[in-house]
Structure formats: structure tokens, C-alpha cells
């Protein structure tokens, strides 16, 4: 333990070369089964089945590496990755870095799941269809919606699916030409703006009241018009503040003829407490890889499960899993379906895990998840209040739900140390860096912890002590924070390399080409 | 629920009643209800969720889920010839070991330093795909091939500043449906209209005359797949890309990457943007979950600036002692500029990207060539055995890879009936494409991969013969 009571930490340093630099001519990682002699005799050479102009002329310049070295290399890379399971991952607000039960990982590795093909006869997939159907019933109860799809492959994809349904709805009603605007708030996830824009809506973003941090009802009334197609909004927003007027927002949009889509990616504080239905929403989406415990997998596979009220359910992507009392079916017969947003049925591994997670929780412990998330957040706020340089955004209404946005504006003014610097220094103490917050930074120099149900009181205390220690360093020796990290495998990278077309390189071959004659270090 | 004493939940450390009480006290409230007052009563559920009683013991939970899953019949238990976008290839043990590492399974958005290994694995994926495709620019994958093709079409539309795309009829109908959701209704200004280009029902090849007739100064891109959804190797790649380029359009090719040890990379015949699925590269089928769509292209700002996806670039350290990685031109994305970003991205398929990297590292140049040869020989053997069966015709031979179309018009049985009878023989027959491609009659798409043995293929032939007898 250091002076500050923080653990000594140093990341693994392996200095692994890029795989392209490894191995030697003739080495191989795996042997391939050859077609049996009888097959070879019957059909002859493979090359005779490729039109001359479509033959590959030279072998792909993949690395030639033996199996133990491939394993060693990627094990080392895994050791240089600070997964949630290894650390107090409180900093990643909006991400809900919660424990992914190990037993669920084992379930999805069973051949009864891993070796299922999406086009198998329905009779041979009744088990997985049952899990999908039952889980959709759970989701309906948790949200108050009437039907669910698991097809979208991530949260943004779920939002895009909702935008496509809003568009189709107005198209069917002959109003799409007129209704070309989606209203959102600047504290909703950026996908609530980008996805409707991809679906070719204009996006109107409401800004928060500087006192309360909440979007203003009067601003909404001013924004609504005949052009309004719908509302796409997060609540609690990416500040952890719950909008208590949300039902009025929904009413105003409904009166104007629009639909309301609830971005429930940040749903960890609401299990059994508040639902999309009671607020009046027509549709919503949940990130199964967040509040529902499916792991984040280095950014996926994920699921943005989309639920709708029955009035909109005809617009859902197909197929939907149905149950006739004895058998489960894939229902493709939806009058106004937007069709497909992804091939097959979605990342069903996330659904299998989430089904097991809900079955292991039950209604009381699900509520306990949310109550704990809320208690943890407000406890963290209390602890953080004594850290020099840190202020909470919108302190007027002090209670937060699942997360809380702080500002290091004071620290920056006093010391010149920025929130990005602090994030980079934190990782020197063995905790994952924090997420500053989405852009634009209306709260200056922000950071956004989310101490979800996974973390103990001691974890939260430790995490706050890391922030306190780094802020103290900023006052005493700002250079150590600005030049961080110090306990990692590499030092600060040159970020200009990432944006200059003459230097950026997404592949080794591009890197080699661009470095030639450049005298690069 | 009030703060009644219950036993702690193993996943929730602060569910210990004393801890909870202590924390509430520290916050300065006596009951969690005081924290919930920010949510008005009228928006509350005010009752317990109606969900099943929990299976608190892990052993009970595991048994419960296993019993449900045991109702499934698997492609290990049945001999399967299903493909059509999701294929049963062998997954090497090293791939699974790495894809199961808790470090990778539970990491998320950590940046350059704390998740260095994740970033390097991503860069290595892009690098090895770059070699397979012989392209300098490869993106992190998106959700699946359908979305990759949809994004590629939108990129091409922006690059060419045109709003029409030509798509071959022989692309996957599922993928086409996904692409359509990226192109939008005619009422919206950013509508991209889709025109489909015909094919020759005898050869399965794209109809070049139809392409010439339909391409115009409005055409942003032509998109075709090679091998096509029906398994055919398109030999006219050069002609197609030339026609596209002569008309100022981009040439987009969808490709099955496991074919590229033996088939020419699309860049060889003029492709500007290439997309496809990484599922064949070491991902279990997972009931269609194990998919991910890659996008690659020519390098240069003209292309790079139009990607919606995350791009991982290598970068030197400031002190010149080493290298790291970061997101290239992050300002393109919604994370920087919200609705002004290029389309959208987000959480996609990071873990599958790492699995595919391990797969490619294991395969090497020889492995990827050999597996292509094996698949061709086995699939052609299967086609030959099937064509020997009376009343079965194999369409389009001899140029196909992995998948071929078997026609049952003469058999007086629908594909659905044939497939249902094959199930009695513990076989999943080919995917029924009768409604997707009515012009091909009563037909099924059979997939044969590296996992099939001669015995398997002979067994299929015998069973099919018995079913049709």
C-alpha cells in the first residue's frame, strides 16, 4: 500500500510485437482437414472449379506462427486488457459495468446453443425459442410494453430500429413528407440524435435548464409543430437526473401527432420502480449488455432489445417469437414490419444470459439491484463532496439515480490539469479510467461514474480515494498527472498520428507503406 | 418492497442489510424511499414485478436452463447442410480459449493504455483482413454483413454524391432487407433508390447487358456478392467494376472471407469497397448470433472520412519509445458530433473481432488456402453425389464455392417435405430457397464445409435417395 492507502499497481509489460512481425516462413498454427482420397479422386483439384480469372494469384501475406506462439501472444494481449472482472469499473457512466455471472458463460458454450443454425426447423429449436419468448415476456413486464424484438445488435442499433419504425408509421399514415423532425435532448445519448438523422430526420435537441439540468417543457412546446415525427429521449438522462415531467413531454408529442421512443440504456435504477408504460411511451429499447448483465465483450456482441405497445407492434422487424400454448413459432406475418435490421434474430447469446440473470434474481432482487444502484450513487456523491477540485453538476436537486455527472472545472482553473489528464492518471492505480461524458461538454471538464449494484461500499470508498489522490497530485505536482500514464506498458501516444491521412494506418500494410522513408521513430 | 431483511444476493455485495443501513445513514436518509422521491408517484409502478420466483441457487438455475436447452436438436447431433449466411465451420480450441478470457469478455470502452491488448488485437484483425483482402483500409466490424453492406452503400452514395444503387438479384434476401432499411422510403430527401440487376438462370452470373442498361449518371454504386448467395463464383468481376467506374460509380463487393485463400480478392478485379461476414472465421453459429460485418476499402481521406464505424489506427508514442493505438478521425462519429456524424456506430462485435483475429493468425497463408481447397472439393463431391440421384438436379455447376443449389422439381416433393423427411434421418437438408428465388423452382441451398467428411456426404446422398424414392 502507498502512503495514500492506494494499492501499488503496474500493468503487464510484454512488449508484444504486432502479429504481422511474428513467426517464420513455414510455421503454422493449425492443420486443416484435407478432403479424403476418394473425394480427391472423384472431383480432382480444387483449382479446376475456379474460373481462371477468379483464382487467387499469390498467398495472402498472413503471419506464419506456430500454435503455442499464437496462444501466448493473445494471452499476453488479454493480460494487457483491464476487463471489468479485474477491477473497480465504476468510472464508465452510461455503461453499467456490472458483474456478468460466470455460470451464464458456461450455458452459452453448450452445443445446445452454440451449435444451433438460425434456419433449423422450428421443431428442433423449441428450447431456444422458449427462452426468447419467455424473456420477451419478462421484458414486457419490466417495461410495460406488449411485444419485443432482440434483432438489433447494440444500443444505437435499437435506437435506429425505433427511428425506422417511427418513419414507417408516418409513412403508412401518409404523413411522412410533413413529419420530418425528431425532438431529443442534448443529455440524451448521442445515438438519439445520430440514428434518427441516419433515418433522415432532422433533429432538434433541447438544452437543459442551467439550474436543474432538466430540459424545459416550454422549450419543448416551442419546438413541437406539424413537422414533429417523434421524441427520442433518455430518462434519467446521462446526468443521472430523472425528468419528473416526462409524462408531460410525452403528452405534448402525442398531441402533436408524434410517437415517443424511450432510450432505456440507462435502466439500472428503474427495475420494479418506474416503467416506459407509466410514462406513456409508445416504444423503448434496453441494452441487454448493460443493466441485464450480459458482458460488454470489448464492445459487443450486444443487444438493443426493442419493445413496443401493441398499437406499434405491427411495425417491429420480423420474425417475432410467438407461443400458441404448446409450441413456439417464428412469426413473419407483420403487416407494417420494417423488415430486417440485422440478419437472423440478433445476438441471442445476450438473451440466453439475460434470461438466466433474471431467473436468478426474481422480482425482489431485481428491485434490490436498482435500490442498490441508487444508494451506491448517492453514497458516492456524499464521499466525493470532500474532494478538492471536484464539483457536482446541477447541485440544486441533489439526488441522483444510477449515475452522476461531476465537473473538474475548478481543478483545471486551479492547476491546469484537465479531466482527460485525470482519467489517464487514474489507471496508474489499477482502476479502469472513467468516461468523461458524451459531447458536447455542457458541463465543463466532466466525468460520469456509475457505481452499479456490483460494487461494494469498500470499492466505492477506494475509487473516491483514487480521485482524491489524483486531484491532490494535480495541486502539488500537476506534471505527474499531465504526463500520465506512468504505470502502463506504453507512454502517451501522439494523437496527431490518428487524424493525419499521411500517418494514420488501419492496417500493418498501410503502416509499412506510409512509414517508408519517413524516418519515423 | 421496504427495507426488510433478506439474505444477501451473491452478485450484490451491498445487499447485506447492515451495509445498506450504514450507507443510507452516511447519505443522511433513513430509507431508500427518500432517495426515490425524485420519481413522482404517478410514474411509479407501485406494485411488485410479476416475474417468476428466483432460482437463487446457481445449481438450480443451471439445471433449469440446461433442461430447456436440451429441447434443441443441434448441428452436432444432426448432420447439417444449412448455410445461407451462417455456416458450421470448425472453431479451433485456441480461438475459444482467447474468446473466453474474462479480460476480453468483460472489457468495454477502456482507452489506449488500460486496454492496450484489446486495441492491439483490433489492429491485428484489421491488418490480417487487409492481407486477405489486399486492401490497406479495414474498419472494425459492424453488427453483421447486412449492416456492413448497408453502410457501404451509404458511404458510396456520399462519395459519389448520387442516390441510386444497383444490386444483383443473387445477393442474400435477408441482407437485401437490411440494406433496404438503410436506403429509406422515397418520401425522404436522403432516399437511395435500389434497382436490381438480373442474372442468367443458366450460369448464375450477373447479366452485364442488364447492368449496362440500368447504370446511369445517377448510380452511386453496384453491389454484388462473390460467391453469390447461391454459391456461384462470379467470373465477370473485372467487367462489372469497369462498367461501374466508366459511369463514375463505386464497385462494392460482398465476400465470404473463408473463400479468399483460393479466390481472388475483390480488389484484384477493381472493387472499391468490400464487405462481408467474419462468422466463418472462428465464430460459433449461436443460432445466428455469431456474426459480424466487416468493411474495407481503398485507403485515403476520400474513403476514410465516410466510414461510420470505429477505425483503429496505430500511433507512435510521444517519446518515440513504442507504439499504441487509438480511434482514427473520431470527429466523423456520433460520439463527437451527434447527428452530424456519419450515420451511426456504437457497441458492435468486439469480442468476435478478437476471435477472428486469432483464427486468421492460426490459419496463416497455407491454412486459409488449404481450407478453401478442402471446402471446394467436399462441396463439389456432395454436388456430384446429389446429381447422381434420380430427380435431383444441381443447378449452375461447375463454378461454385461451399454452397450449391439442388432442384427437386422432378421429385414431386416440395423442399419443405424433403427437409422434414431428412430430419427423420437426423439430417438438416439445405435451406429452402423456393420462395426467395421462384425462378429456380423447387430448390434448396446446400452448404458443405470443412467439417463434413466423405461419410457424411455419402450418408446425405443415401438418405436423400431414400426420401425421394
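All of A:466, A:470, A:481, A:443 fail the test of being in a loop (DSSP other than H, G, I, E, B) and surrounded by 19 or more Cβ atoms within 10 Å (Cβ to Cβ), apart from A:443.
Which residues, taken from segment A:239-248, are over 22 Å from residue A:165 (Cβ atoms) and either surrounded by fewer than 24 Cβ atoms within 10 Å (Cβ to Cβ) or facing chain B (nearest Cβ under 9 Å) (or both)? Matches in segment A:239-248: A:241, A:242, A:244, A:245, A:248. Residues satisfying the criterion are absent from segment A:88-95 (criterion: at pLDDT 95 or above and either over 24 Å from the mean Cα position of the chain (by Cα) or not in a loop (DSSP other than H, G, I, E, B) (or both)).
With respect to the conditions (1) buried (at least 24 other Cβ atoms within 10 Å of the Cβ); (2) at pLDDT 95 or above; (3) outside any strand (DSSP E or B), residue A:261 lacks only one, and its number is (3).
Just one of the listed residues (A:431, A:417, A:422) is crowded, with 21+ Cβ neighbours inside 10 Å, at pLDDT 95 or above and away from chain B (no Cβ under 14 Å), and it is A:417.
Within segment A:16-39, the residues that satisfy the criterion of being over 22 Å from residue A:509 (Cα atoms), surrounded by fewer than 18 Cβ atoms within 10 Å (Cβ to Cβ) and facing chain B (nearest Cβ under 7 Å) are A:33, A:34, A:36, A:38.
Only one of these is over 21 Å from residue A:268 (Cα atoms), touching a strand residue (DSSP E or B) at 6+ places or on another chain (Cβ under 7 Å) and within 7 Å of another protein chain (Cβ to nearest Cβ): A:112, A:126. Name it. Sole residue among the options that is over 21 Å from residue A:268 (Cα atoms), touching a strand residue (DSSP E or B) at 6+ places or on another chain (Cβ under 7 Å) and within 7 Å of another protein chain (Cβ to nearest Cβ): A:126.
When segment B:92-122 is filtered for residues that are surrounded by 21 or more Cβ atoms within 10 Å (Cβ to Cβ) and more than 7 Å from chain A (Cβ to nearest Cβ), the ones remaining, listed by number, are B:95, B:99, B:119, B:122. Residues that are closer than 21 Å to residue B:53 by Cα and either without any contact (Cβ under 8 Å) to a residue 60 or more places away in the chain or more than 7 Å from chain B (Cβ to nearest Cβ) (or both) are absent from segment A:304-311 altogether. Looking at segment B:411-460 only, could you name the residues that are touching a residue at least 12 places away in the same chain (Cβ under 8 Å), part of a helix (DSSP H, G or I), out of contact with any strand residue (DSSP E or B) (no Cβ under 8 Å at 6 or more places or on another chain) and more than 12 Å from chain A (Cβ to nearest Cβ)? Scanning segment B:411-460 gives B:411, B:439. Restricting attention to segment B:128-142, which residues are at the interface with another protein chain (Cβ under 7 Å from one of its Cβ atoms), assigned to a helix (DSSP H, G or I) and under 19 Å from the mean Cα position of the chain (by Cα)? Answer for segment B:128-142, where residues must be at the interface with another protein chain (Cβ under 7 Å from one of its Cβ atoms), assigned to a helix (DSSP H, G or I) and under 19 Å from the mean Cα position of the chain (by Cα): B:128, B:130, B:132.
Hey, can you tell me all the residues within segment A:312-335 that are surrounded by fewer than 17 Cβ atoms within 10 Å (Cβ to Cβ) and away from chain B (no Cβ under 12 Å)?
Matches in segment A:312-335: A:322, A:323, A:324, A:325, A:326, A:329, A:331, A:333, A:335.
Of all residues in segment A:133-153, how many are in contact with a helix residue (DSSP H, G or I) (Cβ under 6 Å, 6 or more places away or on another chain) and part of a helix (DSSP H, G or I)? Result for segment A:133-153: 3.
Entry remark, segment A:181-196: residues being surrounded by fewer than 24 Cβ atoms within 10 Å (Cβ to Cβ) and either closer than 24 Å to residue A:444 by Cα or within 7 Å of chain B (Cβ to nearest Cβ) (or both) number 1 in total. Being touching a residue at least 24 places away in the same chain (Cβ under 8 Å), touching a helix residue (DSSP H, G or I) at 6+ places or on another chain (Cβ under 6 Å) and under 28 Å from residue A:357 (Cβ atoms) is a condition met by at least one residue of segment A:172-191. Regarding residue A:156, is this residue buried (at least 24 other Cβ atoms within 10 Å of the Cβ) and part of a helix (DSSP H, G or I)? When the stated conditions are applied, residue A:156 passes them. Comparison of B:273, B:258, B:215 shows that the only residue that is surrounded by fewer than 23 Cβ atoms within 10 Å (Cβ to Cβ), touching a helix residue (DSSP H, G or I) at 6+ places or on another chain (Cβ under 8 Å) and more than 17 Å from residue B:170 (Cα to Cα) is B:215. Among the residues making up segment B:13-33, a single one is surrounded by 14 or more Cβ atoms within 10 Å (Cβ to Cβ) and either touching a strand residue (DSSP E or B) at 6+ places or on another chain (Cβ under 7 Å) or closer than 24 Å to residue A:277 by Cα (or both): B:32. For residue A:64, the criteria (1) in contact with a strand residue (DSSP E or B) (Cβ under 9 Å, 6 or more places away or on another chain); (2) more than 24 Å from residue B:95 (Cβ to Cβ); (3) at the interface with chain B (Cβ under 7 Å from one of its Cβ atoms) hold in every case but one, which is (2). Being surrounded by 23 or more Cβ atoms within 10 Å (Cβ to Cβ), touching a helix residue (DSSP H, G or I) at 6+ places or on another chain (Cβ under 6 Å), at pLDDT 95 or above and more than 30 Å from residue B:434 (Cα to Cα), is that true of even one residue in segment B:367-381? The answer is no, given that none of the residues of segment B:367-381 is surrounded by 23 or more Cβ atoms within 10 Å (Cβ to Cβ), touching a helix residue (DSSP H, G or I) at 6+ places or on another chain (Cβ under 6 Å), at pLDDT 95 or above and more than 30 Å from residue B:434 (Cα to Cα).
Just one residue in the set A:69, A:73, A:10 is in contact (Cβ under 8 Å) with a residue 12 or more places away in the chain, out of contact with any helix residue (DSSP H, G or I) (no Cβ under 8 Å at 6 or more places or on another chain) and not in a loop (DSSP other than H, G, I, E, B); that residue is A:69.
Residue A:251 meets all of the listed conditions (1) surrounded by fewer than 24 Cβ atoms within 10 Å (Cβ to Cβ); (2) touching a residue at least 60 places away in the same chain (Cβ under 8 Å) but one, namely (2). For residue A:484, are the conditions met, namely being under 22 Å from residue B:124 (Cβ atoms) and either within 11 Å of chain B (Cβ to nearest Cβ) or within 27 Å of the chain's Cα centre (by Cα) (or both)? So residue A:484 fails the test.
For every residue, the table says whether it meets (1) facing chain B (nearest Cβ under 8 Å); (2) in contact with a helix residue (DSSP H, G or I) (Cβ under 9 Å, 6 or more places away or on another chain); (3) surrounded by 23 or more Cβ atoms within 10 Å (Cβ to Cβ).
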residue: A:346; (1), (2), (3): yes, yes, yes
residue: A:364; (1), (2), (3): yes, no, no
residue: A:371; (1), (2), (3): yes, yes, yes
residue: A:376; (1), (2), (3): yes, yes, yes
residue: A:380; (1), (2), (3): no, yes, yes
residue: A:401; (1), (2), (3): yes, yes, yes
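The values are calculated or read from the model by the stated rules, or taken from the named source; none is laboratory data. No experiment lies behind these values; they were computed from the predicted model shown. Cβ coordinates were reconstructed from backbone atoms using ideal geometry, including for glycine residues, and neighbour counts include every protein chain displayed.
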